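Structure first, then comments.
We did not get these values from a lab; they are worked out from the coordinates using the rules stated. Just so it is clear, the structure is predicted and the values come from calculations on it, not from any experiment. So basically every Cβ, Gly included, is an ideal-geometry build from the backbone, and we count neighbours across all protein chains shown.
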């Protein structure tokens, strides 16, 4: 899915990144593309508590990203504060797991083909957030700060 137009407010400026990239359909396409990659990555898929059942994970990621980038606050209304580090602590997030996550997210961003400004903005966030989730050392690496 290529994003060809930008939603504009009456002032001629995007009201949020969420609206600028096309709103819910864009985030849904991003998350669907991301999880299509995850579903083919057995070692990474094993980290998900529900295994091959990814519908709940899809909803959570989509709602979180929509909220983070200026869309509806459904995520917080239904789940409370995101607390990303706390929510990821039960899972062994190593540098390798981060890299796998980023590989699938990069492929998803490439698939939806956002305008470069928004692609770069989102990619920067994904890299920083994924690194912040590391809670286990990788092979031959020191323990992360927790």
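Quick notes on this one:
- Peptide packing: for 75-82, 95-102, the average count of neighbouring Cβ atoms within 10 Å per residue gives the ranking 95-102, 75-82, highest mean first.
- The range 17-132, Rg to Rh (Cα coordinates; Rh as Kirkwood inverse mean 1/r): 0.93
- Each label point was placed 7 Å from the Cα along the Cα-to-Cβ direction; for residue 36 and residue 121 their separation is 2.5 nm.
- Estimated at 0.36 nm per residue, the fully extended path between residue 60 and residue 128 surpasses their Cα-Cα distance by 22.6 nm.
- Per principal axis, descending, Cα span of the range 85-130 in whole Å: 35, 16, 14
- Residues listed by number, the range 56-75, amide nitrogen under 15 Å from residue 15 label point at 7 Å toward C-beta: 67, 69-74
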